[in-house]
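Accompanying notes for the structure given below.
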There are 2 protein chains.
Amino acid sequence: MFGRSYFCGEVTEEAIGEKVTLKGWVQKRRDLGGLIFIDLRDRTGLVQIVFNPDVSPEALSLAEKVRTEYVLDVKGTVIARSEGSINGNLKTGKIEVHAEELTIINEAKTTPFVIADKTDVSEDVRLKYRYLDLRRPVMFETFKMRHQVTKAIRDFLDGEGFLDVETPILTKSTPEGARDYLVPSRVHPGEFYALPQSPQIFKQLMMVGGFERYYQIARCFRDEDLRADRQPEFTQIDIETSFMSQEEIMGLTEQMMQKVMKDVKGVDVTEAFPRMSYDEAMSRFGSDKPDTRFGMELVDLSETVKDSGFKVFASAVANGGQVKAINVKGAAANYSRKDIDGLTEFVSVYGAKGLAWLKAEEDGLKGPISKFFGEEEQAALQSKLDVSAGDLLLFVADKKSVVADALGALRLKLGKELELIDQSKFNFLWITDWPLLEFDEEADRYYAAHHPFTMPAREDLSKLESDPASVKAQAYDLVLNGYELGGGSLRIFERDVQEKMFSVLGFTKEQAVEQFGFLLEAFEYGTPPHGGIALGLDRMVMLLAGRTNLRDTIAFPKTASASDLLTDAPGEVSEAQLDELHLSLKIKKDQ
Amino acid sequence: MFGRSYFCGEVTEEAIGEKVTLKGWVQKRRDLGGLIFIDLRDRTGLVQIVFNPDVSPEALSLAEKVRTEYVLDVKGTVIARSEGSINGNLKTGKIEVHAEELTIINEAKTTPFVIADKTDVSEDVRLKYRYLDLRRPVMFETFKMRHQVTKAIRDFLDGEGFLDVETPILTKSTPEGARDYLVPSRVHPGEFYALPQSPQIFKQLMMVGGFERYYQIARCFRDEDLRADRQPEFTQIDIETSFMSQEEIMGLTEQMMQKVMKDVKGVDVTEAFPRMSYDEAMSRFGSDKPDTRFGMELVDLSETVKDSGFKVFASAVANGGQVKAINVKGAAANYSRKDIDGLTEFVSVYGAKGLAWLKAEEDGLKGPISKFFGEEEQAALQSKLDVSAGDLLLFVADKKSVVADALGALRLKLGKELELIDQSKFNFLWITDWPLLEFDEEADRYYAAHHPFTMPAREDLSKLESDPASVKAQAYDLVLNGYELGGGSLRIFERDVQEKMFSVLGFTKEQAVEQFGFLLEAFEYGTPPHGGIALGLDRMVMLLAGRTNLRDTIAFPKTASASDLLTDAPGEVSEAQLDELHLSLKIKKDQ
């Protein structure tokens, strides 16, 4: 125990009568009837210390100087509390420690916010005083869980023969993908390293090197404009194997996540994770990462309404689009016209030009568009949408992608709003059969949907150049409760296939060789079939810890403008430093 | 086993009669008497595959196309080898696999060097084709050991309640210490992040945050000119604790290293590690990281020779210097005058102006300077240096630091040359009682011997400003076989002491606040006493694996000019990338 008898939160009635040494922080001091009571806190919890003139007048006198967050060393005897003063909410609530000696190890100014789980101070203040924020028990518990998650993963992968190998942070910039963070070289004027967006190339080279089973809990970097759930540096559980099939990699990942759930949450996830093709997920949930903890699935009504008198529906279908709806069960009474106007505005963000609605009453579907549907159509709608009286039906008619995005987002919003989601559930889901490529209309070219090293489905290989849009990838994403935990794929391991892929992505032969020549060459020296997966650790911890802010899972995170409010990074550097790096600034320093 | 029955190196006689599927690389193919023999290799070892026309003419015919490093899938039956063909050097040497089906998974060009432990190809070629270099079994074994070392450390620290917490890679530049790698910010024009030289500040802030026990296997960065045993990015085992004494931290570290030695090397290191003060180490070994696997200690003869007729000795002592010697036991006959001239040149690199010598014969000490020593002095030399006939005595007379450096280096050189070092020994040693500060004559200022956060010895605190050179640090280094494994210290945890330290280092109050204001402020909110240690993982693995090249312990290392010969990093970036970072180059691109 290194200089103390117990952690504060672990002094229980079994220690009654013992002389103990405790160290920690003052959570609270109360003076009562000539005694002083101090709640002493460390990372394990609280224990009550009593200063009594009959035990030690010296300790009592010193205790008068003690304020909140002072650091104390207390020696005393563990005493059972009287029946009436037992605190059932506290693990140490049946005892108290009668102080015989007190040392004030360090003092504390008044903290800018109270050290407690519940706080309404702004996040900026929490980040500036992160060292105080981390004292809040809920924060420590999150990082303890993060530790437990990585421990479970490491133990599992070690047991399966995976080696933890570190890959470089100072690597080469590759224009494909997100924007790189660059590091100027002092030794090579005008040249730069890049921080890795993932260890992708290196893990593949390790497979060429015969390592067969590699993992790393790897730091990755992306210099992108940040959204709420993005950080400039993030951590991924990075796994690569040789000679394994897609099924085997998915099975291994399932076992790993089952161990995490068991070790960290005490939850048995014994069943294989359900699987869904990308097409099915988009069709049923309007999302490639569906939250399957509740229903309210998207129902395709194009066939039903294509000849209806409602021109918006009919023309959407005629133009190759879709009409889909969700049934918000029993919600007809909860949503006024004004509320529905709000929902219409919500879906407009996703490109939907309108949101049609019907309410189901005992005698049929009512609403402004009900008049357009004949008896037969009404019956079909009722049947396909499984309608009961009191339901609210919401329709979007548009091109396929807009319908999916708009209704997918609306479904999620309503699911949360109506509290349809069972927060105790952990719904894992595999999404498979991804498209290999995405066409970008603006850039007029294809991009890799995952990355340029993803293996096309064997049966689609011949279509790679003739019909790229139709080619499926041997790729798989793991989804948990509507969040993408991560994804993986089998990789191309043959030079000619990789060259074809680069060509489809618009690389000339020369460009491909200049950027990835070493990889193409490596493929010629006996490269095994290989593949892997990468899971986002920050997000995984966020979901398991029941947090909603990614920054709460990172000890020293950055703000949306990629600043560290604690150390004030980034910052200015000296002219001498820039000179050594052969750089000059294009802006005035006082800009 | 995921698609195979066994790893190649693990098919033993217990599998005789089994139908197996094996996958791996062709180490060697031999054609003999109508049969083809292939040694199939994976990361576990080799197994012999036999292609026989009586078993499968198809497989035999395909095997004719097979070349070294092809990737194969072989199905066949495990057969006992006949008595005469058993290979005792191979774990699988009692069996062979008679191939029934062969699939060539991938082909291979002729590799630029043979995949074997012994190689005389240049390191540059090995680094360019690192993916082939990693196939050499000795390389895989090193990375397997590295994995085992980190696993043992993680398991130990987990058991002691230490949390694995990640600290930022994008941090703030601090001018104190080595040169930082900088990362320009796109969002904050003219500002830069720095890559951390260590997580020092963050681990201390976690202690302020009440985490109490933290560790991380942390990547660190230094943009320094590289020596053979330095890399621009390296990995340290980074540990910090609160409320522990120096003794407790050292004890914990010993237990951790004992577990590493047991788990990884099967060696029981049950005794506590010996300890030596910095002064004693310098005095006895001329080194702050002595290799104690052999003797040949430095003996101070200043008192004995200060009045001798040999003016070089007498004046060295008179000028405040020292005369010290080492006794190279039994080596008199091995070293000619010319050899000793070579040694003299060797010590001159360390500033020694000469190397005096004597050889011990049956009738006394002989050599050019023997005439200067009377009978009494000769007897004293013989006694103090424990001389026997045949010994070679080597003397350096100079100021203290030169004597230590020159004789310390000479001792090591001779110890290796004469094979005095028992390579099976693992001699751990603590060096304690370090000076807190070092005076740099050129810069005319003090620098922190460890870093500016090291706690001075309590009893020396009052001398911090009046006599800085005499102040000892509460610091400790762990040495293994003459290499510094790492070091640690108790940290300053009081604002006034830290401010005094910055002042001694030449910071104005304003500079201290500008650079470390957040830390000084943190100390005012109830900071616990804390301390820790950081051990170099790359070097630890190098020593445990018996390697001599640090780069062999890093999967994708950099050269002495900080280049990656495989991916060709660093490299040029586009003007557009520089524009986004508000930078321009001060050199022409074709320079």
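The values are calculated or read from the model by the stated rules, or taken from the named source; none is laboratory data. Note that the structure is predicted; figures quoted are calculated from it, not measured. Here the Cβ is made from the backbone with ideal geometry for all residues, glycine too, and neighbour counts use every protein chain on show. These accessible areas exclude ligands, DNA and RNA; they are computed on the full protein's heavy atoms, side chains included. Shrake-Rupley method; radii C 1.70, N 1.55, O 1.52, S 1.80 Å.
I need a count of the residues in the range A:164-203 that are within 16 Å of A:His530 (Cα to Cα), open to solvent by less than 10 Å² (accessible area, probe 1.4 Å) and not basic (Lys, Arg). Going through the range A:164-203 one residue at a time, the tally reaches 1. When each of B:Met257, B:Met296 is tested for being closer than 30 Å to B:Ser470 by Cα and touching a residue at least 60 places away in the same chain (Cβ under 8 Å), the lone residue that passes is B:Met296. Just give me the residues in the range B:531-544 being over 10 Å from the mean Cα position of the chain (by Cα) and either surrounded by fewer than 21 Cβ atoms within 10 Å (Cβ to Cβ) or closer than 11 Å to B:Leu485 by Cβ (or both), in sequence order. Across the range B:531-544, the qualifying residues are B:Ile533, B:Ala534. Within the range A:204-234, the set of residues being of a type in the set (D, E, K, R), open to solvent by less than 10 Å² (accessible area, probe 1.4 Å) and closer than 22 Å to A:Met540 by Cα comprises A:Asp223 only. Within the range A:521-551, the set of residues being in a loop (DSSP other than H, G, I, E, B), more than 7 Å from chain B (Cβ to nearest Cβ) and either β-branched (Val, Ile, Thr) or under 30 Å from A:Ser242 (Cα atoms) (or both) comprises A:Phe523, A:Thr548.
Quick grid of which residues meet (1) acidic (Asp, Glu); (2) more than 17 Å from the chain's Cα centre (by Cα); (3) more than 9 Å from every other protein chain (Cβ to nearest Cβ):
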| site | (1), (2), (3) |
| --- | --- |
| A:Phe221 | no, no, no |
| A:Glu240 | yes, yes, yes |
| A:Met257 | no, no, yes |
| A:Glu271 | yes, yes, yes |
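Selection over the range A:356-396 of residues that are open to solvent by 20 Å² or more (accessible area, probe 1.4 Å) and either of a type in the set (A, V, I, L, M, F, W, C) or under 17 Å from A:Glu297 (Cβ atoms) (or both) gives a count of 11. Only a single criterion out of (1) within 9 Å of chain B (Cβ to nearest Cβ); (2) over 30 Å from B:Asp155 (Cα atoms); (3) in contact with a Lys or Arg (Cβ under 9 Å, 6 or more places away or on another chain) is not satisfied by A:Lys144, namely (2).
Residues in the range A:177-190: is at least one out of contact with any Ser or Thr (no Cβ under 7 Å at 6 or more places or on another chain), farther than 26 Å from B:His188 by Cβ and more than 8 Å from every other protein chain (Cβ to nearest Cβ)? No: the range A:177-190 contains no residue that is out of contact with any Ser or Thr (no Cβ under 7 Å at 6 or more places or on another chain), farther than 26 Å from B:His188 by Cβ and more than 8 Å from every other protein chain (Cβ to nearest Cβ).
Condition check ((1) more than 10 Å from every other protein chain (Cβ to nearest Cβ); (2) touching a Ser or Thr at 6+ places or on another chain (Cβ under 7 Å); (3) under 30 Å from A:Asp54 (Cβ atoms); (4) touching a residue at least 12 places away in the same chain (Cβ under 8 Å)) across all residues:
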site: A:Ala80; (1), (2), (3), (4): yes, no, yes, yes
site: A:Arg135; (1), (2), (3), (4): no, no, no, yes
site: A:Phe140; (1), (2), (3), (4): no, no, no, yes
site: A:Asp155; (1), (2), (3), (4): no, no, no, yes
site: A:Glu166; (1), (2), (3), (4): no, yes, no, yes
site: A:Thr174; (1), (2), (3), (4): no, no, no, yes
site: A:Phe192; (1), (2), (3), (4): no, yes, no, yes
site: A:Gln197; (1), (2), (3), (4): yes, no, no, yes
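Here A:Val479 fits the description: assigned to a strand (DSSP E or B), open to solvent by less than 60 Å² (accessible area, probe 1.4 Å) and of a type outside the set (Ser, Thr, Tyr).
Annotation: of all residues in the range B:38-57 being free of Cβ contacts under 8 Å to residues at least 24 places away in the same chain and more than 22 Å from A:Thr527 (Cα to Cα), the one that is surrounded by the fewest Cβ atoms within 10 Å (Cβ to Cβ) is B:Asp54. Among the conditions (1) closer than 16 Å to B:Glu101 by Cα; (2) part of a loop (DSSP other than H, G, I, E, B), B:Thr68 misses just one, which is (1).
Conditions: (1) exposed (fewer than 15 other Cβ atoms within 10 Å of the Cβ); (2) small (Gly, Ala, Ser); (3) assigned to a helix (DSSP H, G or I). A:Ala512 meets all but one. Number of the miss? Only one criterion is unmet by A:Ala512, namely (1).
The set of residues in the range B:552-587 that are open to solvent by 40 Å² or more (accessible area, probe 1.4 Å) and more than 8 Å from chain A (Cβ to nearest Cβ) comprises B:Ala560, B:Leu565, B:Glu575, B:Ala576. Each residue in the range A:82-96 was checked for being surrounded by 17 or more Cβ atoms within 10 Å (Cβ to Cβ) and either without any contact (Cβ under 8 Å) to a residue 40 or more places away in the chain or small (Gly, Ala, Ser) (or both), and 1 of them qualify.
Do any helices (runs of 4 or more DSSP H) lying entirely in the range B:235-331 carry at least 2 residues that are open to solvent by less than 10 Å² (accessible area, probe 1.4 Å), and which ones are they?
Numbers: elements: B:246-260, B:278-285, B:302-305, B:311-318.
The helices (runs of 4 or more DSSP H) meeting that bar are B:246-260, B:278-285.
All conditions but one from (1) in contact (Cβ under 8 Å) with a residue 40 or more places away in the chain; (2) surrounded by 17 or more Cβ atoms within 10 Å (Cβ to Cβ); (3) touching a Ser or Thr at 6+ places or on another chain (Cβ under 6 Å) apply to A:Tyr70; the one that does not is (3).
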